[in-house]
Amino acid sequence: MSIKPLAFRMRPRSIEEVMGQEHLVNEGKIIYRMVKAKQLSSMILYGPPGVGKTSIASAIAGSTQFAFRTLNAVTNNKKDMEIVAAEAKMSGKVILLLDEVHRLDKAKQDFLLPYLENGMITLIGATTSNPYHAINPAIRSRCQIFELKALEPDDIVTALKRALDDDERGLGKYTTDVSKQALLHLATASNGDVRSALNALELAVISTEPDDDGTITITVDIAEECIQKKSFSHDKDGDAHYDVISAFQKSIRGSDANAALHYLGRLIEAGDLVSIARRLVVIAYEDIGLANPQAGPRALAAVEAAERLGFPEARIPLANSVIELCLSPKSNTAMIAIDAALADIRAGNTGDIPDHVKDAHYKGAKELGRGVEYLYPHNYESGWVKQQYLPNKLASKKYYQPKTSGKFEQALAAIYDKIEKNAKPNPSRK
């Protein structure tokens, strides 16, 4: 048995052997066309672990017969890159798979750039981070960017069967009987990571004693033992983290309680109580707002309860809050109103504060006309009196535009409309 793991040995040798990623490698798609035309350009492949970034690079090299070298932007130094560059000068072209390309430092980057420019090195950068966030623009601008998706279970089952049948690189020399349920479990428990599934299959085969006729039987129980439960793929500092949070808030905003609970579950599995807490309170005020004003204090109470309880019990108050926020009426009018006011201020559209509402609590204020004509609302029966508060140049501005999605804001809207009808700028105010 080779000391190299099965996933390494089963890397595709041609573009036709690549599993999944049909949007890139199927006949007529961009990488397929590049390979067939032998007109390769540098590229960055990004996506979750184990979805085929290295496999595609290996397949490209195998399909084009160019020299293929693999380096890591963190563990390999500039001298290693100099060796690749020397080989490129001798052979005319080298395909360089650079793993963790987002960690490339300036010295290594400066060394590589001329070779990318003249085409002697074709860079295939692999990363799990969004290159638009994580990769230096100098490298990014010289590469095409392709996003890889998590593999479907059917794709992984096909890869597992291929490994079982392959006598040269796979497990074909063993007599095996792997149940459909075991294959499906490996495919689904790996969460789209074919590397994890292949290595678990190899562990299952080599660690299981054959029966009397020499057959190694792999059941679901054995498959579960060998793959365990794959740790949840969620890097708090990575791209997936922000995707989950975005989907979480948008699901609540869209009143989809089931989707919101799913994304809440992902964040809980990642143990990310801090992000959950912050997002729930923000959502309560940003998306529910005045349509259900009590949602904010209740979300905060749920967060405080969760923080005191800790996981796993913290999931209960969090779920309560998520369901309430999902099924609450929605209004973002307060956020829109303050953003509109801030936009005017930042654009320099302010004007002078009217004299009658300026501070009058100092000696000499009256002589300056400060507060002289101010009308004290509590002196009037309804607690309101017509009076201008905005600067003259903004006197007709309407920042708040109420919605009627909730009863509370309906009541606010009625009062607001009544005030707006009765209140008109008084030209005598200066």
Leaving out ligands, DNA and RNA, and with a 1.4 Å probe, what % of the accessible surface on the chain is carbon or sulfur? 52 percent
Label the stretch 37-138 by shape, choosing from rounded, prolate and oblate, from the square roots a ≥ b ≥ c of the eigenvalues of the Cα gyration tensor; if a/c is under 1.5 it is rounded, and otherwise prolate applies when a/b is larger than b/c, oblate when it is not. oblate
How large is the accessible surface of residue 120 in square angstrom, using a 1.4 angstrom probe and rounding to the nearest 10? 40 Å²
Using Cα-Cα distances under 8 Å and only pairs 6 or more residues apart, what relative contact order does the chain have, in percent? 11 percent
Exposure of residue 185 as accessible area (Å², to 10), given a probe of 1.4 Å and all protein chains: 40 Å²
Between 0 and 90 degrees, rounded to the nearest ten: what's the tilt of helix 53-64 against the longest Cα principal axis of the chain? 50 degrees
Evaluate the Debye formula for the stretch 268-377 with equal point scatterers sitting on the alpha carbons, no solvent, and hand back log10 of I(q)/I(0) at q = 0.16 Å⁻¹, in q order, two decimals. -0.78
Given a cut-off of under 8 Å on Cα pairs at least six residues apart, what relative contact order in percent is computed for the stretch 304-430? 25 percent
May I ask you to list the residues of the stretch 316-344 whose amide nitrogen lies under 14 Å from a point 7 Å from Cα along the Cα→beta-carbon direction of residue 407? 329
Give the long-range amide H neighbours of residue 217: residues separated by 5 or more places, or on another chain, with amide H under 5 Å away, using H modelled in the peptide plane at 1.01 Å from N. 177, 211
What spacing in nm lies between the two simple spin-label points modelled at residue 3 and residue 414, each 7 Å away from Cα in the Cβ direction? 8.1 nm
Suppose only helical runs count, i.e. DSSP H with n ≥ 4. What mean residue ellipticity at 222 nm does that imply for the chain under -39500 (n - 2.57) per run, divided by all residues and rounded to the nearest 500 deg cm²/dmol? -14500 deg cm²/dmol
Tell me whether the stretch 108-161 comes out rounded, prolate or oblate; compute the Cα gyration tensor, take square roots of the eigenvalues as a ≥ b ≥ c, and use a/c under 1.5 as the rounded threshold. prolate
Residue by residue through the stretch 119-132, what is 3J(HN,Hα) from phi via Karplus (6.51 cos²θ - 1.76 cosθ + 1.60, θ = phi - 60°)? Round to whole Hz and write x for glycine and proline. x, 5, 10, 9, 8, 10, x, 10, 7, 8, 9, 4, x, 6
Please work out the Kirkwood hydrodynamic radius for the stretch 122-242, using every pair of different C-alpha atoms, and report it in angstroms with one decimal place. 16.4 Å
Ranked from the most accessible area to the least, with a 1.4 Å probe and all protein chains present, what is the order of 419, 44? 419, 44
How much accessible surface does residue 300 have with a 1.4 Å probe, in Å² rounded to 10? 80 Å²
For the stretch 251-259, Karplus-derived ³J(HN,Hα) couplings (6.51, -1.76, 1.60; θ = phi - 60°; whole Hz; x for glycine and proline) come out as 5, 5, 4, x, 6, 9, 5, 5, 5
If you average the alpha carbon positions of the stretch 158-188 and of the stretch 294-346, how far apart do those two centres end up, in angstrom? 48 Å
Order 376, 174, most accessible first, counting only protein heavy atoms with a 1.4 angstrom probe. 376, 174
What size of dipole, in debye to the nearest 20, comes out for the stretch 264-323 about its Cα centre when the only charges are +1 on Lys and Arg C-beta atoms and -1 on Asp and Glu C-beta atoms? 40 debye
Quick one: order 17, 225, 313 from most to least accessible surface, probe 1.4 Å. 225, 313, 17
Restricting to Cα pairs below 8 Å that are 6+ residues apart, what does the relative contact order work out to for the stretch 320-383? Please round to a whole percent. 19 percent
Using only Cα atoms, find the angle between the long axis of helix 315-327 and the longest principal axis of the chain, and express it within 0 to 90 degrees, rounded to the nearest 10. 60 degrees
If you average the alpha carbon positions of the stretch 206-228 and of the stretch 9-78, how far apart do those two centres end up, in angstrom? 33 Å
Can you compute 3J(HN,Hα) from phi for each residue in the stretch 357-372, using the Karplus curve 6.51 cos²θ - 1.76 cosθ + 1.60 with θ = phi - 60°, rounded to whole Hz and x for Gly and Pro? 10, 6, 4, 10, 8, 7, 5, x, 5, 5, 4, 8, x, 7, x, 5
Listed values (1) 4, 15, 18, 17, 16, 12, 8, 6, 3, 1, 0; (2) 5, 23, 34, 26, 11, 2, 0; (3) 4, 18, 24, 20, 13, 10, 8, 3, 1, 0, entry calculated as P(r) over Cα pairs in 10 Å bins from 0, in percent: (1)
Per residue, how many Å² of accessible area does the chain show with a 1.4 Å probe? 54 Å²
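The values are calculated or read from the model by the stated rules, or taken from the named source; none is laboratory data. Model, not experiment: these values are computed from the prediction. Every residue, glycine as well, gets a Cβ built from its backbone with ideal geometry; the counts of neighbours run over all protein chains shown. Each accessible area value is taken on the protein alone, full model and side chains, heavy atoms only, with ligands, DNA and RNA left out. Shrake-Rupley method; radii C 1.70, N 1.55, O 1.52, S 1.80 Å.
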